[in-house]
Amino acid sequence: MSDRAPAVTPSRTAAVIPAAGRGVRLGPGAPKALRALGGTPMLVHAVRAMAASRAVSLVVVVAPPDGAAEVRALLDDHPLSGHDRAEVLVVPGGGTRQESVRLGLAALPADVTTVLVHDAARPLVPVDTVDAVITAVREGAPAVVPALPLADTVKQVEPRTGAAEGEPELVTGTPERALLRAVQTPQGFDRRTLDAAHEKFADLAGEGATDDAGMVERLGAPVVLVPGHEEAFKVTRPLDLVLAEAVLARRRANDGF
Ligand SMILES: Nc1ccn([C@@H]2O[C@H](COP(=O)(O)OP(=O)(O)OP(=O)(O)O)[C@@H](O)[C@H]2O)c(=O)n1
Ligand SMILES: C[C@](O)(CO)[C@H](O)COP(=O)(O)O
């Protein structure tokens, strides 16, 4: 019998934060991830939200294609606090969210086995949501997505291609709302499954896949949901920024008491 310790397979959890978008729907200004929320860039909030999980030891930030040096400097100016000890890498992104995520995945070291993909545009996700996603992946789900029921009824419409400007849209159906979910990030993955999906569907046309779990669905692997959180909303339009400021102010007031 050997007295050597059994070989331990190294295993780490990393978060990839696509932050290369321009934020067109938010209106003119700096790239969305670099805009201030409560006086601090939105991206810094998002990095802190991932590093707040004790399981996350590496955060890969995907910067605007020509902005990696600026993002590196900005993150160095806003270091993580002592108990958030994650390492933070910065890589340049691409022209679509899918491409940016692919470039972030390519920067992960070999010992990363669980990957979170988290929008920089969801700066206020609570750590309990992050941890619930990681736990579900570690328990064996290849892909895990935080999700909420819908408040609005949703209509399906005819494709707009060829429609004249200003022409009303034609409704083609009303999916049963109780069977729909609005999905958030971080989405969590077994690393090999996510790598396989990005490799297989690298050339999706147009804006590419709008989320990573959708690519895993195309592979045929199961995707499971965990409860999302109202504060994990995506800052997309100007009103979202007003809401985000209010949520942050409430948190700071609560922390003060
Ligand atoms: N080429 C791109 C496009 C988007 N993203 C990131 O994907 C996340 C979700 O995208 P979204 O909220 O749509 O951001 P933008 O693309 O910046 O927004 P818009 O469509 O209004 O320009 C954001 O964190 C964004 O920075 C990215 O990394 N690379
Ligand atoms: C990934 C996502 O946040 C899930 O809701 C969403 O699909 C991102 O879409 P966007 O068009 O990049 O905002």
Descending packing, highest mean Cβ count within 10 Å first, for 244-253, 96-105 is 96-105, 244-253
Contour minus Cα-Cα distance for Arg25 and Arg85 (0.36 nm per residue)
18.2 nm
Mind listing the phi-derived Karplus ³J(HN,Hα) values for segment 178-185, rounded to whole Hz, using 6.51, -1.76 and 1.60 with θ = phi - 60°, and x for any glycine or proline?
4, 9, 9, 9, 8, 9, 10, 10
Share of accessible surface on carbon and sulfur in the chain, whole %, 1.4 Å probe and ligands ignored, is 54
Proximal lysines to Lys200, defined as alpha-carbon separation beneath 29 angstrom and excluding residues fewer than eight positions away on the same chain
Lys234
For the chain, projected area of the alpha-carbon convex hull averaged over all directions, nm²
18.4
Mind checking the full-extension length gain between Arg181 and Arg218? Use 0.36 nm per residue of separation minus the Cα-Cα distance, one decimal, nm.
11.5 nm
The set of residues whose placed amide H lies less than 5 Å from the amide H of Ala182, leaving out same-chain residues fewer than 5 positions away, is Leu148, Leu150
So who's got an amide H within less than 5 Å of the one on Ala143, skipping anything under 5 residues away but keeping other chains? H placed 1.01 Å off N, in plane.
Asp190, Val224
For segment 91-100, Karplus couplings with θ = phi - 60° (6.51, -1.76, 1.60), whole Hz, Gly/Pro x
10, x, x, x, x, 10, 4, 4, 5, 4
With only Lys, Arg, Asp and Glu charged, each at its Cβ (+1 for the first two, -1 for the last two), find how big the charge dipole of the chain is about the Cα centre; round to the nearest 20 debye.
340
Residue with peak Gaussian network fluctuation, the chain [Cα springs, cutoff 10 Å], from Glu139, Glu169, Glu207:
Glu169
Once phi is turned into θ = phi - 60°, what whole-Hz ³J(HN,Hα) does the Karplus curve with 6.51, -1.76 and 1.60 give for every residue of segment 222-228, x standing for Gly and Pro?
x, 10, 10, 9, 10, x, x
Taking only the Cα positions of segment 163-257, the convex hull volume per residue in Å³ is 199
Under a crude label model (7 Å from the Cα following the beta-carbon direction), how far is Thr153 from Asp131 in nanometres?
4.0
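The values are calculated or read from the model by the stated rules, or taken from the named source; none is laboratory data. Everything numeric here is computed off the predicted structure, so don't read it as measured data. Counting neighbours? That spans all protein chains shown, and the Cβs are built from the backbone with ideal geometry, glycine included. Only protein heavy atoms, including side chains, enter the accessible area calculation; ligands, DNA and RNA are left aside. Shrake-Rupley method; radii C 1.70, N 1.55, O 1.52, S 1.80 Å.
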